[in-house]
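Read through the structure below, which is laid out as structure tokens, and then see the notes.
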Amino acid sequence: MVAAAPKPSKLIEPMPLELPIAEMTLAEKLRAMEALWTDLSRNEQDIQSPVWHGQVLEERNARVKSGQEKFMDWEAAKQELRDRLK
């Protein structure tokens, strides 16, 4: 089971983008994402995990320890998802 992502932090203000995203090809969008990720990862120490991320990890760990959730081999997980979508 995957938990819903919490709402974004109020500290992050949306900024207008000047890229014509709706008009970009998939390849162009992926290149833009890679460029952003490369730039962000240059200073990994400056990127703090949000508090909610730690909380989600703790909740998931507790579910695994209690037996409510279990780990699954990636190939088995993909097959299960494919079977659900049939």
Here is a list of conditions, (1) modelled with pLDDT of 90 or more; (2) in a loop (DSSP other than H, G, I, E, B); (3) not acidic (Asp, Glu), and Phe71 meets all of them except one; can you say which number that is?
(1)
Out of the residues in segment 35-55 that are outside any helix (DSSP H, G or I) and of a type outside the set (A, V, I, L, M), state the one that is surrounded by the most Cβ atoms within 10 Å (Cβ to Cβ).
Pro50
Could you grab the pairs with beta carbons closer than 8 Å, sequence gap of 6+ or different chains, first residue in segment 56-81 and surrounded by 11 or more Cβ atoms within 10 Å (Cβ to Cβ), second one part of a helix (DSSP H, G or I)?
Glu69/Arg60; Glu69/Arg63; Met72/Glu80
If you scan segment 8-41, which residues turn out to be modelled with pLDDT of 90 or more and basic (Lys, Arg)?
Lys29, Arg31
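The values are calculated or read from the model by the stated rules, or taken from the named source; none is laboratory data. Computed from a predicted model, the values in this text were never measured in an experiment. When we count neighbours, we look across all protein chains shown, and the Cβ atoms used for this are built from the backbone with ideal geometry, even at glycine.
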